[in-house]
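What follows is a single structure, written as structure tokens, with notes after it.
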Amino acid sequence: MASSDGIGIANLPNQRHKIVAKRGAHFTIMVVGESGLGKTTLINTLFSTELSPAKNYSRRHYKQLDKLTEVEIIKAELEEKQFKVKLTVIDTPGFGDYVNNRDSWAPIVDFIDDQHEAYMIQEQQPQRNEKTDLRVHACLYFIRPTGHTLKPLDIEIMKRLGTRVHVIPVIAKADTLTQNDLFTFKQRIRDAIAAQNIRIYQPPIEADDQASADHARILFEAMPFSIIGSTEDVQTADGRVVKGREYLWGVAEVENEQHCDFKKLRSLLIRTFMLDLISTTEEVHYENYRQQQMETRKFGERKVKKFNNPKFQEEEEQLRKRFTEQVKAEEARFRQWEQHLIAERDRLNKDLEMAHGAIKSLEAELDNLQVGYGRSTGRR
Ligand SMILES: Nc1nc2c(ncn2[C@@H]2O[C@H](COP(=O)(O)OP(=O)(O)OP(=O)(O)O)[C@@H](O)[C@H]2O)c(=O)[nH]1
Ligand SMILES: [Mg+2]
């Protein structure tokens, strides 16, 4: 497949990439976005168009559920000209759009940080071989095809993601918009991304390689990629069998560049810029994370797990309230006891004074008696 496009992962553009390639690459993609936008469908489409056993790929494919974060981890292995890639796709459950659910994406952001954290801990161990590495190299952010612009929720999430990971924005279900609407929508999203200073992935423009520089420019200009997802084989009016979605007006084709940018996205991910995504994640995002953590804690010290999950936050808040109340009650009890002690001390002091007074008068009485006694004996 790569040979037909002229640019493949085996044609390594620079030295840095050759080092990654030698070790065999681990490549991790994550899909994020509101519920029902076709995230799972796109993953399946990628697998069904790219990793089919008919082409000369060795393919291993299994799913694994992460109970804690509810993400689904799909692994596959692909090999092209002795270049091995261990591909991992992380499918996240879509978050809601409604106000109460505003923070339901927080576990996704935590998941990304946790992978950096896990890798960093492993790096600090004396035995550093055999690291498990789920650091995310590309995060596809799904935008609902409203035709308007980015929503405040999109902006908030994309901003947070952009400082942690390479964000690649995609317009979901491109077949639901007309070509004109899609064009305007894309432009508005690009404007919003620029205006809001959202960091998205930018393919590197290699100065010494005209063809790859042009390719990078074309890909970047096409962002956000419009996407049609489908694993169905359908027949077009001219008799071709393609992956697509069938409508009364015809077929929306996944791999037709007139219909959507699926091929561009796939090219960026699996072919041209996989190695750049991997090395720049290491150099920029992981390094950022590592430096931030080094500044805030000692070497080898464990990270204090903060619960960004709204459910935990609520529980934490209640716990804090209860704790404060208990402390207040204890303080009041202590103050009462203190006052009691002061009163007791005063009472004892007074007693002591009285006893002192009594002793003094007894002593005086004794003196008087002694004087009297002396006189009487002298007379005798
Ligand atoms: N028109 C259209 N429908 C699509 C497309 N991709 C997926 N769908 C449909 O949208 C629905 C939801 O797709 P999913 O892939 O389950 O969406 P998801 O984003 O994984 O949803 P969650 O897992 O709930 O977050 C399904 O009925 C799909 O057939 C597309 O490109 N165009
Ligand atoms: Mg899904």
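The values are calculated or read from the model by the stated rules, or taken from the named source; none is laboratory data. Everything quoted here is computed from the prediction, not taken from an experiment. Keep in mind that these areas ignore ligands, DNA and RNA; they rest on the heavy atoms of the full protein, side chains included. Shrake-Rupley method; radii C 1.70, N 1.55, O 1.52, S 1.80 Å.
What the table below lists for this structure:
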| quantity | calculated |
| --- | --- |
| Amide H partners (placed H, <5 Å) of His166, local residues excluded | Cys139 |
| Residue pairs, from the table Lys151/Lys186; Lys39/Lys173; Lys75/Lys263, whose Cα atoms sit over 18 Å apart | Lys75/Lys263 |
| Heavy atoms of Trp337: accessible area, 1.4 Å probe, square angstrom to 10 | 150 Å² |
| In Hz, Karplus ³J(HN,Hα) per residue of region 259-265 (6.51, -1.76, 1.60; θ = phi - 60°; x = Gly, Pro) | 9, 6, 9, 3, 5, 5, 4 |
| Share antiparallel - DSSP beta bridges, region 133-288, percent rounded to 5 | 50 percent |
| For region 223-302 versus region 322-358, the gap between their alpha-carbon centres in whole angstrom | 72 Å |
| Per-residue ³J(HN,Hα) for region 277-291, Karplus 6.51 cos²θ - 1.76 cosθ + 1.60, θ = phi - 60°, Hz, x for Gly and Pro | 4, 5, 5, 6, 5, 5, 6, 9, 6, 5, 4, 4, 4, 4, 5 |
| Column: log10 I(q)/I(0), Debye, Cα scatterers of region 153-273, q = 0.14, 0.22 Å⁻¹ | -0.68, -1.27 |
| Amide H partners (placed H, <5 Å) of Phe95, local residues excluded | Gly33, Glu34, Ser35 |
| Calculated from backbone phi, Karplus (6.51, -1.76, 1.60) coupling profile of region 174-185 in Hz, x at Gly/Pro | 4, 5, 8, 10, 6, 3, 5, 4, 4, 4, 5, 4 |
| Amide H contacts under 5 Å for Val251, placed H, 5+ residues apart | Ala237 |
